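The values are calculated or read from the model by the stated rules, or taken from the named source; none is laboratory data. Fair warning: this is a prediction, and the values are worked out from it, not measured in the lab. So basically every Cβ, Gly included, is an ideal-geometry build from the backbone, and we count neighbours across all protein chains shown. Areas reflect the complete protein model, heavy atoms only, side chains present, ligands, DNA and RNA absent. Shrake-Rupley method; radii C 1.70, N 1.55, O 1.52, S 1.80 Å.
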Amino acid sequence: MISVEQALAQIFDLLAPVGIETVALADAAGRVLAAPVTAQRTQPPFAASAMDGYALRAADIRTGARLHVMGTSAAGRGFSGAVGPGQAVRIFTGAPVPPGADHVAIQEDVTAQDDTIILGPAPQSATHIRAAGSDFAQGTQFNAPRRLRPADLALLAAMNVPHLPVRRRPVVAILATGDELVMPGETPGPDQIIASNGFGLRAMVQAEGGAARLLPIARDSAAALKAGFALAQGVDLIVTIGGASVGDHDLVAPVARELGADLAFHKVAMRPGKPLMAGRLGDVTLIGLPGNPVSALVCGHVFLLPAIRALLGLGTAPAPTQRASLGIALGPNGPRAHYMRARLTAQGLVPFDSQDSSLLHILSQADALILRPPHDGSRAAGDLVDYLPL
């Protein structure tokens with residue numbers, strides 16, 4: 001067996017970022033920007049008022065000063081003239097500040113009388129003017145790689161960038177194996193169960209920015225597995241579920257080797273999830289997950305999601321962890337890394353009493369996986385530990 005860290009490093013060695021496509025700005029939410037883009041204009045493109053008030057010369061500011069109001073500057077309809085001594089222009093937020101003006105007196109600080117204003121005694125230290133280019137200048141670079149958030153799209157729109165180079169969505173084929181499985185909605189036989197893992201893994205892939213293809217269940221025969229692999233043509237990653245151990249019915253590894261796969265490893269020192277493998281099948285990366293439901297989904301968080309991020313060009317890094325205190329004491333850990341299902345409570349992280357790898361209802365209630373390194377000693381309540389948010 002190899003460590004989790006070694007397994008993840010070997011999976012990263014099997015992956016390369018997918019290609020680049022161009023999408024409209026409106027379709028880029030959540031996509032990964034693949035190359036830098038530059039602002040096509042300056043923002044704001046002119047000195048703009050930050051308040052409703054009157055644009056005037058700072059040199060004219062004194063309590064009781066009377067200024068002649070020459071016109072109005074509104075957003076989208078600026079004042080065409082210039083402001084001279086003793087003059088002012090009514091101005092609104094976002095409107096261009098006319099030439100000659102270098103201060104905006106807010107409307108609460110003046111008294112208006114027809115086409116005249118009288119300046120009050122309020123402090124006038126702030127100019128209330130946003131300088132041209134105070135947000136960004138034409139040519140400013142927006143760097144990549146980066147998963148695009150709503151604020152990013154708003155910024156890129158302001159930069160007048162209508163199309164973006166993004167990584168295409170990695171295509172992931174998910175192949176569940178086993179004579180015991182039937183699809184949801186079907187009537188299982190007396191010795192069968194409902195296939196569940198693929199739906200959770202598909203949701204993971206989609207949420208991370210990939211495109212998941214859920215293949216028909218492959219029965220426990222070499223012919224069925226070969227047919228399943230044939231259906232995965234043209235994908236970037238094949239994920240098998242079950243059949244990755246060494247029992248008489250665990251056929252994924254031998255069939256993959258028969259098809260020419262080069263397997264990098266087989267078995268990882270972790271719980272849940274020891275029977276895990278990875279390799280290359282032609283020009284496609286293959287990850288074989290265990291069949292136990294919790295094992296498959298935990299391995300999805302630990303290995304599959306970082307693999308999707310690597311395919312998207314976001315680098316090769318383990319799943320991000322956080323730290324919190326334990327709500328209860330824990331005994332020593334064994335020789336394998338343990339990912340314990342837990343709740344985040346006011347008292348701290350509290351693992352569930354049962355950590356059986358078949359209990360999906362516990363995983364559904366968990367919002368954290370406590371990370372216990374191999375041979376980790378006893379932990380007291382209040383000790384800080386790492387965890388994976390769920």
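See the values below:
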{"read-out": "Test for residue 144: is it under 26 Å from residue 46 (Cβ atoms) and either in contact with a Leu (Cβ under 8 Å, 6 or more places away or on another chain) or open to solvent by less than 80 Å² (accessible area, probe 1.4 Å) (or both)", "value": "no"}
{"read-out": "Enumeration of residues in the range 16-40 that are in a strand (DSSP E or B) and either hydroxyl-bearing (Ser, Thr, Tyr) or surrounded by fewer than 19 Cβ atoms within 10 Å (Cβ to Cβ) (or both)", "value": "20, 21, 22, 23, 24, 37, 38"}
{"read-out": "Enumeration of residues in the range 100-126 that are open to solvent by less than 30 Å² (accessible area, probe 1.4 Å) and in contact (Cβ under 8 Å) with a residue 60 or more places away in the chain", "value": "117"}
{"read-out": "Residue match in the range 330-340 (condition: among the charged types (D, E, K, R) and touching a helix residue (DSSP H, G or I) at 6+ places or on another chain (Cβ under 6 Å))", "value": "no"}
{"read-out": "Members of the range 46-57 found to be in contact with a Pro (Cβ under 8 Å, 6 or more places away or on another chain), open to solvent by 20 Å² or more (accessible area, probe 1.4 Å) and within 17 Å of residue 135 (Cα to Cα), listed by number", "value": "46, 47"}
{"read-out": "Scan of the range 173-195 for residues that are farther than 18 Å from residue 284 by Cα and part of a strand (DSSP E or B), ordered by number", "value": "177, 181, 182, 193, 194"}
{"read-out": "Residue that is farthest from residue 87 (Cα to Cα), among those in the range 58-76 that are surrounded by 13 or more Cβ atoms within 10 Å (Cβ to Cβ) and out of contact with any strand residue (DSSP E or B) (no Cβ under 7 Å at 6 or more places or on another chain)", "value": "75"}
{"read-out": "The range 196-214 residues that are assigned to a strand (DSSP E or B), paired with ones that are among the polar types (S, T, N, Q) and surrounded by fewer than 17 Cβ atoms within 10 Å (Cβ to Cβ) (beta carbon under 6 Å, 6 or more apart)", "value": "212/206"}
{"read-out": "Single unsatisfied condition, residue 43 versus (1) touching a residue at least 60 places away in the same chain (Cβ under 8 Å); (2) surrounded by fewer than 16 Cβ atoms within 10 Å (Cβ to Cβ)", "value": "(2)"}
{"read-out": "Criterion (under 27 Å from residue 180 (Cβ atoms), within 25 Å of the chain's Cα centre (by Cα) and modelled with pLDDT of 95 or more) met by exactly one of 314, 304", "value": "304"}
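Table: residues versus (1) within 30 Å of residue 29 (Cβ to Cβ); (2) touching a Pro at 6+ places or on another chain (Cβ under 7 Å).
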| site | (1), (2) |
| --- | --- |
| 197 | yes, yes |
| 205 | yes, no |
| 213 | yes, no |
| 216 | no, no |
| 243 | no, no |
| 253 | no, no |
| 263 | no, no |
